[in-house]
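The values are calculated or read from the model by the stated rules, or taken from the named source; none is laboratory data. It should be emphasised that the depicted structure is a prediction, and the values quoted were computed from it without experimental measurement. Quick reminder, even Gly has a Cβ in these numbers, built from the backbone with ideal geometry, and neighbours come from all protein chains shown. The protein model used for the area step is the full one, side chains on, heavy atoms only, and it has no ligands, DNA or RNA in it. Shrake-Rupley method; radii C 1.70, N 1.55, O 1.52, S 1.80 Å.
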Amino acid sequence: MDKVMDYIQALTNLYGVVHKDKVQEIYNQQNDDKIDDKSMEYIIKEKKDYLINHRQITVHKDYFVYLSIMVAGSYFDEELRAKEGKPYYIPEKEELLKYKDVNYFEVNKEYEELLQFLKKMFWRKSKAEDVAREIQMHCESFRAMENLHLLFEEKKIRFKNAKQADELMRLIRNLANNTRIWQNNGYTPNELDVGKR
């Protein structure tokens, strides 16, 4: 049962909201020991408190939901609407299970480019890493480019000139377009755009 819980954790962290049938489908695709509807019902009914207290996941209408979505109010329906009709990004098992860690994210070239730029901006390496991670988390939002000014104020980011500000915004846009987001069922905006062509 622990392995199934790990899948629920990883898939909820990757998708934000995931139906029990999708968890069962992905688990059964990647494992020899299959789970059935009865197992999923048992988890939903008997393990609800465990999921909330130990995994930060709640159950709502047969969906596993990242707790902050339900705490925030009406975001559940908004999340489902945003995901509608989009395919699911399903990484290989080893990569997928890295998402058990709520802080895990794919370190891609866009993130590395942003981090290198921030290291040139700040004299402290730790500040650059902190700001890069905050920006990366911000990019996980469907509305990544909104309210960036609040993040800049909070992190006390000051620009030497307009050129530096423009370059930082370009790097953030690149990262946002290449970051896995809940509303795209784990796909990046760029991956979905390529799929539409």
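With the contact rule set at Cα under 8 Å and sequence spacing of 6 or more, what percent relative contact order holds for the stretch 1-96? Relative CO of the stretch 1-96 lands at 31 percent. At a probe radius of 1.4 angstrom, the accessible area of the stretch 1-115 per residue rounds to 54 square angstrom. Among Ala165, Ala132, Ala82, which one shows the biggest mean-square fluctuation in a GNM of the chain, springs joining Cα atoms closer than 10 Å? Between Ala165, Ala132, Ala82, it is Ala165 that shows the largest mean-square fluctuation. Note on the chain: GNM, Cα springs under 10 Å; of Val131, Val107, Val23, the largest mean-square fluctuation is that of Val107. Ordered by solvent-accessible area of protein heavy atoms (1.4 Å probe), largest first, the residues Tyr99, Tyr187 come out as Tyr187, Tyr99. Computed log10 I(q)/I(0) for the chain at 0.15 Å⁻¹: -0.95, from the Debye equation with unit scatterers placed on every C-alpha and solvent omitted. This model, with +1 at the C-beta of Lys and Arg and -1 at the C-beta of Asp and Glu, gives the stretch 45-89 a dipole about its Cα centre of some 140 debye. The mean sequence distance of close C-alpha pairs (under 8 Å, at least 6 residues apart), as a share of the length of the chain, puts its relative contact order at 26 percent. What the phi angles of the stretch 103-116 give under the Karplus curve with 6.51, -1.76 and 1.60, with θ = phi - 60°, is a coupling list of 8, 6, 8, 6, 7, 10, 5, 5, 5, 4, 5, 4, 4, 4 Hz, glycine and proline written as x. Based on Cα contacts under 8 Å between residues 6+ apart, the stretch 76-153 shows a relative contact order of 15 percent.
The fraction of Cα-Cα pairs per 10 angstrom bin, counted from 0 for the stretch 54-151, comes to 12, 33, 37, 16, 2 percent, rounded to whole percents. How large, in percent, is the carbon and sulfur part of the accessible surface of the chain at a probe radius of 1.4 Å? Looking at the chain in its full context, I get 48 percent from C and S. Three principal axis extents of the stretch 92-197 based on alpha-carbon atoms, in descending order, are 42, 31, 22 Å.
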